[in-house]
Structures are given as structure tokens and as C-alpha cells.
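Just so you know, all these numbers are worked out from the coordinates, no wet-lab data involved. This structure is a prediction, so every number in the text was calculated from the model and none was measured. With ideal geometry, Cβ positions are generated from the backbone for all residues, glycine too; neighbour counts draw on all protein chains shown.
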Amino acid sequence: MAWIVVVLLLTLIFFGMPIGFSLMIAAAIAMAVSDIDLIMAPIQLFSGVNKVVLLAIPLFIFMGELMGATSISDRIIALARALVGWMRGGLAHVNVVTSMFMAEMSGSAVADAAVMSKIFVPSMEKQGYPKSFAASVTATSATLGIIIPPSIPMVLYGVTTNTSIKDLFVAGIIPGLLLGAAFMMTSYIFARRENHPVDERFELRRLGLAFVGAAVPLLIPVLVVGGLIGGFVTATEASALGAAAALFYGWVLRRDLTAKKVYELTAITVRQTSVVMMIIAGSAVLGQYLANEQIPQAIASGLGGLTENFILRMLLINGFLLLLGMFLHASAAIIVVVPMLLPLSHEMGIDPVHFGIIVCLNLGIGQQTPPVASVLLTVCSTTGLRIEQVMGYCKWFILAMFVTLTLVSFLPITALALL
């Protein structure tokens with residue numbers, strides 16, 4: 001029956017049914033066939049989203065929208081150019097470093113991709129970079145948004161597995177920096193091969209001015225993540241603090257925002273939140289069915305029974321997550337799939353925080369690989385490029401992501417060193 005549910009779910013998604021509704025329909029049919037009382041469906045729909053910590057999701061989205069609508073992005077780009085613009089292929093490195101800074105503000109790879117593609121792809125093309133290369137750098141570096149804290153997928157993982165969100169945020173710092181370094185190394189290799197230009201010479205004075213200009217915007221995510229790590233606020237309180245600080249900065253200090261603009265950003269936040277919450281609610285219903293049928297335990301037992309070797313088991317887990325990440329939205333994958341693999345990860349002695357970072361890295365790769373490829377498709381739609389045009393370069397950045405995933409998977413210290 002489990003395979004029938006999976007086939008039905010993928011079929012509904014393939015024909016364009018929203019993922020949240022696909023999850024609900026597949027779960028309801030499975031419950032009816034399995035003689036599970038359907039009264040459990042609305043109960044799970046409600047209880048799945050009735051968690052205070054989930055308020056952090058719309059608040060982090062709102063914080064990212066507020067900061068993206070102000071002059072913050074210009075200040076961050078100026079700082080990134082002063083830091084790494086002097087390197088060969090400077091604007092590509094600026095793209096990556098800007099994404100690392102912006103990742104501290106949005107928690108969403110798709111949101112970062114939508115903003116950065118409008119800024120960097122035309123600028124890089126104007127300087128002589130191939131448009132497909134510029135799109136590839138922008139798409140893959142946007143994945144840093146779900147690795148470097150704050151991260152919406154990490155919030156969902158923490159809620160699903162009852163793992164400390166604070167610890168997950170701390171654990172994402174080093175892997176995020178490693179991933180950013182991998183992207184910059186890949187960009188540098190192409191810069192040497194294709195003779196990409198230097199953006200601008202290094203000047204200490206310009207760096208100082210850029211740092212002063214970006215200091216206040218950078219303090220907002222530092223305040224949010226620092227308050228959470230220091231134990232002064234919860235994840236929900238930290239997200240509210242960040243949204244309030246971003247609103248104060250944009251509306252009062254800089255006067256970049258108006259009441260009309262704030263209303264528009266609120267509407268965008270509500271739409272994005274509704275999509276995520278529908279997926280969470282649908283995943284909760286499907287999760288109830290899977291739990292009743294003990295399917296997570298069966299899958300864990302099946303995967304674990306294939307081999308006793310730790311390395312092969314880790315490769316199996318990563319392969320399973322990568323495959324599902326190619327077809328499922330990150331939110332659905334975390335809520336539905338993680339409970340299936342958690343028993344096996346416990347059996348292997350993998351720390352839940354370390355496992356959370358592995359999950360997020362795998363799903364980040366899934367956001368770049370068809371058929372779903374949510375981040376890559378966002379950049380393609382913005383730039384007017386087709387996926388096949390971008391994949392020539394993008395595959396090498398995806399390879400860099402695989403290298404980082406392998407490093408983090410087999411060296412737990414990369415995720416746990418700061419805890």
C-alpha cells in the first residue's frame with residue numbers, strides 16, 4: 001500500500017496539483033483504503049500546524065521581505081565587492097558572498113534566488129560573463145539560504161524531530177561557509193579557464209566605508225541568531241525581533257518603506273506562508289497514516305538490512321534523500337521523509353543535529369535538480385533561460401555541493417564543532 005500512496009502522490013504532483021493538496025488527497029485515500037477513521041484527517045490537519053514555533057516561519061519570511069525591499073541589498077553588495085571584487089572572476093565571487101550575507105536575513109533559497117537573479121545576472125552579463133554561467137552561480141549560491149541561519153527548513157526539521165532549533169542554527173554555520181568556499185573555488189576555476197574579469201581593485205578605505213554602510217543591516221541577523229544562540233529568546237521570539245528590527249530600520253531609520261509597501265510585503269508573506277502551512281498540514285495527515293502502518297520503521301529496517309557498513313548506510317541515506325529531494329518540496333520532504341529515516345540514523349549513532357544538516361544539504365541539491373528544481377526554475381524564469389542552457393555550468397556547482405555534502409556527512413565535527 002505504501003508504494004501505491006507514493007505513486008498516487010507523485011502522479012498528482014506531476015499533473016500540477018499543489019503539493020499540499022496532493023499530500024492531503026493521497027493520505028485521505030490511503031486512510032480510507034486502510035480502514036482508518038477519516039475523522040483523524042481534520043484533526044491532524046489542525047494539530048500539524050498548531051505549534052507556536054511554526055510562527056517563526058512567517059516572521060522570518062516577513063523579515064527577509066522587509067530587508068529585501070530596502071537599500072540593504074545595495075549595501076551588502078557594496079561590502080561584498082570591497083571584500084572579494086579584486087579576485088579573478090570578481091563579480092561571481094561577489095555573487096556568492098552576497099548570498100552568504102543575504103542568507104542571514106531570509107532563510108529561504110527561493111526568495112534569495114528571486115532577488116539576486118534580478119541584480120547579478122544582468123550585471124555579470126554586462127561585464128562579459130556568459131549569461132548561463134551567471135544564472136548558475138546565482139541559483140546554486142542561493143542554496144546557502146537554507147544552510148546559513150536562520151533557515152526555514154531547519155525550523156521544520158526541529159519541529160518534526162523535537163531537535164533544538166538553536167543547535168541546528170549553530171550547526172549550519174560551518175557547513176554554510178564550506179559550501180560558499182566550494183562555490184567560490186568553482187567560480188575561480190571557470191574564471192581562469194574563460195578569463196573572467198576582475199571587478200575592482202582592493203582598497204582598504206573602500207572596504208571600511210562599505211563595512212560602515214552595511215554595519216546596521218548586518219547587526220539585525222546577528223541580533224536574531226545571537227539572541228537565539230545565547231538563550232535570551234526562543235526561535236519564535238527571535239524571528240519576531242528580527243521582523244520588528246527590519247521594519248524599524250526600513251521605515252523609520254532609512255525611510256525606504258511606506259505603509260503601502262509594507263502592506264504589499266505582508267500580502268506576499270501571507271501567500272508564501274499559506275503554501276508552506278498547507279504542505280505542513282498535508283504532511284501531518286500523511287505522516288499519521290505512515291505512523292499507523294509503521295512504514296518509517298519498515299523503511300529504516302529495509303535500508304539498514306541492506307548492509308551493516310556505516311559508509312554504505314550513509315551513502316544509502318544520502319541517495320534516498322537526494323532522490324526524494326528531486327521530486328518533493330523541501331517542507332514536504334522533511335515532514336514526511338525524516339521520520340522514516342530517523343530510526344536508522346539513531347541506530348547508526350548519528351547526532352540528530354548533524355543529521356539535520358545532512359538533510360538540509362541534500363534538499364538544497366534537490367532544489368537545483370529537475371524535475372522540481374525550485375530554485376533553478378526561479379532563476380530561469382527571471383532570466384528567460386531554459387534549464388538545459390544553464391545545466392552546462394550548473395552541474396559543476398552541483399558537484400561542489402556533492403563534495404561538501406560528503407565532507408559534512410562523514411566528518412560530524414564540521415556541523416558539531418561550534419556546539
note = The answer for trypsin sites (Lys or Arg not before Pro) in segment 213-295 that fall in a DSSP coil and have at most 10 neighbouring Cβ atoms within 10 Å is Arg255
ask   = Where in segment 13-112 are there chymotrypsin sites (Phe, Trp or Tyr not before Pro) that are in a DSSP coil and have at most 13 other Cβ atoms within 10 angstrom of their Cβ?
value = Phe15
key: segment 82-205: Cα Rg divided by the 2.2 N^0.38 Å rule of thumb   = 1.12
note = Simple SL model, points at 7 angstrom along Cα→Cβ for Leu407 and Ala244; separation in nm is 3.9
ask   = Which net charge results when you count Lys and Arg as +1 and Asp and Glu as -1 among the other residues whose beta-carbon is under 12 Å from that of Thr383?
value = +2
ask   = Using the reciprocal of the averaged 1/r over all distinct C-alpha pairs, how large is the Kirkwood radius of segment 305-419 in Å?
value = 15.0
4 °C / 1.567 mPa s Stokes-Einstein diffusion coefficient of segment 367-419, Kirkwood radius on C-alpha pairs, µm²/s = 102
request  = Taking just the C-alpha trace of segment 343-394, give me its Rg and Dmax in Å.
outcome  = 15.5, 47
ask   = Relative contact order for the chain: what is it in percent, counting Cα pairs under 8 Å that are at least 6 residues apart?
value = 27
ask   = With the calculation restricted to Cα positions, what are the radius of gyration and Dmax of segment 15-111 in angstrom?
value = 21.5, 66
query = Quick one: helix 310-325 against the long Cα principal axis of the chain, what's the angle to the nearest 10°, folded into 0 to 90?
reply = 80
query = How far, in nm, would the chain grow between Glu264 and Phe14 when pulled straight, counting 0.36 nm per residue and subtracting the alpha carbon separation?
reply = 86.9 nm
request  = Could you calculate, for segment 80-121, the ratio of the Cα radius of gyration to the Kirkwood radius, expressed as Rg to Rh?
outcome  = 0.99
message = From the phi angles alone, apply the Karplus equation (6.51, -1.76, 1.60; θ = phi - 60°) to segment 183-190 and give each ³J(HN,Hα) in whole Hz, x where the residue is Gly or Pro.
response = 5, 5, 5, 5, 4, 5, 4, 5
request  = Could you check which residue among Ala142, Ala103, Ala215 shows the biggest mean-square fluctuation in a GNM of the chain with a 10 Å Cα cutoff?
outcome  = Ala215
message = Nearest 10 degrees is fine. How inclined is helix 90-106 to the longest principal axis of the chain, computing both from alpha carbons?
response = 50
task = Just the ratio, please: alpha-carbon radius of gyration of segment 162-274 over 2.2 N^0.38 Å, N its number of residues.
result = 1.42
task = Express the relative contact order of segment 155-254 as a whole percentage, based on alpha carbon pairs under 8 Å and six or more residues apart in sequence.
result = 25
request  = List the pair-distance distribution P(r) of the chain, using every Cα-Cα distance, as the percent of pairs falling in each 20 Å bin from 0 up to the bin containing the longest distance, rounded to whole percents.
outcome  = 27, 58, 14, 0
query = When all alpha-carbon pairs of segment 224-362 are counted, what percent fall beyond 23 Å?
reply = 53
inquiry  = Give me the Å³ per residue figure for the convex hull around the C-alpha atoms of segment 123-191.
reply    = 83
task = Return one number: the angle in degrees, 0 to 90 and rounded to the nearest 10, between the long axis of the Cα atoms of helix 235-248 and the longest principal axis of the Cα atoms of the chain.
result = 30
ask   = Dividing the alpha-carbon Rg of segment 274-313 by 2.2 N^0.38 Å yields what?
value = 1.62
remark   = Counting sequence-distant residues (5 or more places) and residues on other chains, those with an amide H built under 5 Å from that of Trp86 are Glu200
task = Step through the table entries Lys118/Lys261; Lys51/Lys118; Lys51/Lys261; Lys166/Lys260; Lys118/Lys395, compare each Cα-Cα distance with 31 Å, and write down the pairs that go over it.
result = Lys51/Lys118; Lys166/Lys260
